[in-house]
1. I need the calculated FRET efficiency for the pair Gln68 and Glu33, taking r as the beta carbon distance and R₀ as 22 Å, to the nearest 0.05.
2. I'd like to compare 56-63, 33-40, 76-83: which one has the highest average count of other Cβ atoms within 10 Å, and what's the full order after that?
3. Taking the simple approach of a point 7 Å from Cα along Cα-to-Cβ for both Glu40 and Ile104, what is their distance in nm?
Amino acid sequence: MITIFNIQIILRIFNLHTMICILKIQPEICMSEFTVRTAEQLPLLLQGFRKQAGLTQAATARRLGITQQTFSALERNADKISADRLLQVLSLLGVELVLREASIPTAGQNTSEPV
């Protein structure tokens, strides 16, 4: 269960992580790959990648041709945006979407039959 306290901790880690990446203190820990298992992970991931790119919401919104308020709502509700818009935002942030088979079968998946 995600609580306000958990979100605050995650945001602090993202902010610290972002500063480490921007200042190139320890570039090997910068976000390079991240496995997304639920749509609810997207808002924090988009925010983290945006900050790592050194972009504000206003700058990102300008590049997308929308207002800062619209982008703020998009970022908060990233789990509900279209795939086309998500790909547009990811491209702007220099992030690509890679799909691959899961290395561990998901619950309820029969491992003896092809999917």
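Just so it is clear, none of the values below were taken in a lab; they were calculated from the coordinates. Since the model is a prediction, treat every value here as computed from it, not as a measurement. Positions of Cβ are backbone-derived with ideal geometry, glycine not excepted, and every protein chain shown enters the neighbour counts.
1. The pair Gln68/Glu33 has a calculated efficiency of 0.15.
2. Descending packing order for the listed peptides: 56-63, 76-83, 33-40.
3. Roughly 1.8 nm, to one decimal.
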